[in-house]
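One structure is given here, and the rest of the page talks about it.
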Amino acid sequence: MKYILGGGMSGLIFYLCNRDYKIIAKESKGQCTDSTFILGPRFLHYNLDNLKLLKKLNITAKEKTCSIGYYWHRELLDAHTDDMRREYFDKSRGVNNSVKLDISSLNEGITEFKYFDINFNTLCDQLFNIAKDDIINEEVIKIDYIKKKIYTTNIYEYDELIVTIPRKTFYSLIGYHTASRFLISKSVTFIKVTTTPIDMKDKNYIYIIDHEYPYYRITNYIEYYCVEMLGEIDEVECKKIFKDTYITSKIVKDSQLITLKSEIVLKNVKFLGRYGMHDKSLKIQDVVRSSQC
Ligand SMILES: Cc1cc2nc3c(=O)[nH]c(=O)nc-3n(C[C@H](O)[C@H](O)[C@H](O)COP(=O)(O)OP(=O)(O)OC[C@H]3O[C@@H](n4cnc5c(N)ncnc54)[C@H](O)[C@@H]3O)c2cc1C
């Protein structure tokens, strides 16, 4: 049998283009579970790979421009400098800048980009509807890669395995604990609020670089705003910060990836997506391409 580990956007896209697989997932749709709350700035970038994906799903979507702002010394700017990038890296990763700067910091230096005007979570819902009969909703607790067996409350034998669950988790599941410890990631709290704590003007999302603010990014979704904070911030603390603008929040473990990927080669195992690859620069178009859609 062929299995995909993980039922988030990456696992679902791979399934769309490779229907002879089954998906094993602790939680279907992964980070896209709640269709009324998008976690952070998620945009389907305007390019040929994503167009291919939309065509496969019979979806037409208009082209739009996403504009990004930078809040620095209490001023909203259109562009950023290297100093700002370095400081933002420290703040959003909770490390100091002696650590190698990764290129994904401050959106890879881009100040605007084109995207397909489609709700990220609606797209996920459509992908889920196609895959749902082939999803096994179980948590993987161990993998024996010599015997090629996946353990949940059941045991599944695989010939081919696509891994979209976090690389760190996968290493633990196969008992490769040294490598698992080497890969650093941190939790992020996404907070849904009614109004923005900082005037965003016409920007779709802004990076807040100043350290005096506890949050590091805000996205404008018109009906609500999503604010991101590093770490696991409970509801009481969120309410203290955002007062009566607070609607809800969600903690995503291992969301912020710090180190770059480390490679191991396992026969019949392929890693896919941002978390499977442990590479923060990866986006949906990379998953579409690797899935050979
Ligand atoms: C803030 C943010 C913004 C982003 N913005 C964009 C963007 O604008 N454009 C873009 O193209 N990409 C963006 N990305 C990247 C990427 O598209 C998303 O992160 C995407 O939703 C990730 O999907 P995934 O399937 O790889 O992971 P997830 O959605 O995290 O899915 C992981 C799956 O693995 C399962 N799992 C985990 N452990 C186990 C286990 N032990 N057993 C069984 N199942 C398990 C989970 O239940 C889940 O189903 C963004 C990412 C983040 C964090």
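Here, each number is a calculation from the coordinates, and none is a lab measurement. Predicted model only: the values in this text are computed from it and were never measured. Positions of Cβ are backbone-derived with ideal geometry, glycine not excepted, and every protein chain shown enters the neighbour counts.
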>> If I stretch the segment between residue 86 and residue 112 completely, what's the gain in nm (0.36 nm per residue apart, minus their alpha carbon distance), one decimal?
In response: 7.4 nm
>> Past 25 Å, Cα to Cα: identify those pairs from 62/253; 22/250; 52/283; 2/114; 62/91; 250/270, in the order given.
In response: 62/253; 22/250; 2/114; 62/91; 250/270
> Among 233, 222, 198, which comes first, then next, by fewest other beta-carbon atoms within 10 Å?
Replying inline: 222, 198, 233
> What length, rounded to one decimal in nm, is gained on full extension from residue 137 through to residue 253, with 0.36 nm per residue of separation minus their alpha-carbon distance?
Replying inline: 39.8 nm
> Roughly how many debye, to the nearest 20, is the charge dipole of region 157-239 about its Cα centre, given +1 on each Lys and Arg Cβ, -1 on each Asp and Glu Cβ, and no other charges?
Replying inline: 220
>> Cut-off is 10 Å between beta-carbons; in what order do 133, 34, 286 appear when sorted fewest neighbours first?
In response: 133, 34, 286
> Picking from 156, 194, 136, whose Cα lies most toward the positive end of the charge dipole for region 134-199 (charges on Cβ: Lys, Arg +1; Asp, Glu -1)?
Replying inline: 194
> When the Kirkwood hydrodynamic radius is evaluated over all pairs of different C-alpha atoms of the chain, what value in angstrom, to one decimal, is obtained?
Replying inline: 20.0
> Taking the Cα centre of each part, how many Å lie between region 224-246 and region 138-175?
Replying inline: 35
> Roughly how many debye, to the nearest 20, is the charge dipole of the chain about its Cα centre, given +1 on each Lys and Arg Cβ, -1 on each Asp and Glu Cβ, and no other charges?
Replying inline: 800
>> I'd like to compare 136-148, 270-282: which one has the highest average count of other Cβ atoms within 10 Å, and what's the full order after that?
In response: 270-282, 136-148
>> Among 278, 221, 80, whose Cα projects farthest towards the positive end of the dipole of the chain, with charges put on the beta-carbon of Lys, Arg (+1) and Asp, Glu (-1)?
In response: 278
